[in-house]
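What follows is calculated from the coordinates using simple rules that are stated; it is not laboratory data. These numbers come from a predicted model, not from an experiment. Every residue, glycine as well, gets a Cβ built from its backbone with ideal geometry; the counts of neighbours run over all protein chains shown.
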Amino acid sequence: MERTEIIEKLTAVFHEVFNDNNIVLSDEMTAKDVENWDSLTHMLMITKVEETFGIKFKLKELNKLKMVGDLINTIETKLQ
Amino acid sequence: MSEEIKIRRATLEDVDFLVDTIVAAEKSGTDNFGLAKLFELSEGEMRTYIKAMLEEEVDGCEFSVSSFLVADHQGKAVSAFAGWVEGQNEDGMSSALLKSNLIGYCLPMENVMKSQSKSDIVRPLQIEREEGTYQLEYSYTLPEYRGKGIMKDIINMHIVDYQQNTPHRHQEGGIRKIQVHVFANNEAAIGTYKRCGFEITKEYNSNNPLVEQYFPYHTILLMERIV
């Protein structure tokens, strides 16, 4: 899957989980930049990402996802 | 305190007592185990998943075995209280996200999804923790060991741990702050924290009547102590 397609699908997940269709993803974006990105919605977002892309993150991978760019890179690696 | 009781760092051998501690603290003197309800699980199922989370041995949050100090009597844990420096774990992650990752990783996907409809209800009582502060969470003492000052001794040992493990803040003259969140109806715990030098500094409240389905009470107090 191309990086642009990953970002497109990920954007749809963010719009749904954080209930905001105006979110534009950037590599540097973190939980602090998105309204309603709290512990519960974080968990839901990760679960929806796994479902959308048909992947399963390792716990060690999850605990290194600090920025949206890390998430995109990890999805890209897992899909290869 | 009885000389036979010693405070020590928890190990994986204490995991069953730590599960009891987390469940009792979540219920906060009620029968309401909101964490299980949030994911539409039975208490027994949620206990199994909490044990699995603890066994992952992730450091830096309230589901970390390494965060807990326990009071040990004759080789058995009788009291426990978790504490950690917020955001200063291996990956520099907030405890909230570490906890989320553990829950999301250990629970079945369909149960995680079931919490989605409740996210707006629980949000007002999901409190962001202050980076660099020492956070205390999940305390419990077996009934027959209460009133012996055990919790005060555990808190004091957490404070020593904080002072010894954050020397850079001390050298810079930075303020060290210990924070604990407590349900406003838990007078016994509030009294204990006050005796340990904590003061109420903030109140978090939800007027949504549904919130008490997932929390033992609608108001949480932030109590702080400067060390």
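Residues that are more than 21 Å from A:Asp38 (Cα to Cα), of a type in the set (Gly, Ala, Ser) and not in a strand (DSSP E or B) within the stretch B:59-95 comprise B:Ser66, B:Ser67, B:Gly75, listed in sequence order. Of all residues in the stretch B:82-122, those satisfying the criterion of being of a type in the set (Val, Ile, Thr), facing another protein chain (nearest Cβ under 7 Å) and more than 16 Å from the chain's Cα centre (by Cα) are B:Val112, B:Val122.
Of the helices (runs of 4 or more DSSP H) lying entirely inside the stretch A:4-80, the ones with 3 or more residues being over 28 Å from B:Arg129 (Cβ atoms) are found at A:39-53, A:68-79.
Okay, residues lined up against (1) farther than 24 Å from B:Val85 by Cβ; (2) within 18 Å of the chain's Cα centre (by Cα); (3) free of Cβ contacts under 8 Å to residues at least 24 places away in the same chain:
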site: B:Tyr193; (1), (2), (3): no, yes, no
site: B:Gly197; (1), (2), (3): no, no, no
site: B:Gln213; (1), (2), (3): yes, no, no
site: B:Ile220; (1), (2), (3): no, yes, no
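Just to be sure I understand the filter: pairs with C-beta atoms under 9 Å, separated by 6 or more residues or on different chains, first member in the stretch B:5-25 and without any contact (Cβ under 8 Å) to a residue 24 or more places away in the chain, second member buried (at least 17 other Cβ atoms within 10 Å of the Cβ) and not basic (Lys, Arg). Which pairs pass? Here the result reads B:Glu13/B:Ala77, each pair linking the stretch B:5-25 to a residue that is buried (at least 17 other Cβ atoms within 10 Å of the Cβ) and not basic (Lys, Arg).
Just one of B:Lys99, B:Lys51 is in contact with a Phe, Trp or Tyr (Cβ under 8 Å, 6 or more places away or on another chain) and assigned to a helix (DSSP H, G or I); which is it?
Numbers: B:Lys51 fails: in contact with a Phe, Trp or Tyr (Cβ under 8 Å, 6 or more places away or on another chain).
Of B:Lys99, B:Lys51, the one residue that is in contact with a Phe, Trp or Tyr (Cβ under 8 Å, 6 or more places away or on another chain) and assigned to a helix (DSSP H, G or I) is B:Lys99.
Once the stretch B:129-147 is narrowed to residues that are within 14 Å of another protein chain (Cβ to nearest Cβ) and under 20 Å from B:Tyr193 (Cα atoms), the residue that is farthest from the chain's Cα centre (by Cα) is B:Glu130.
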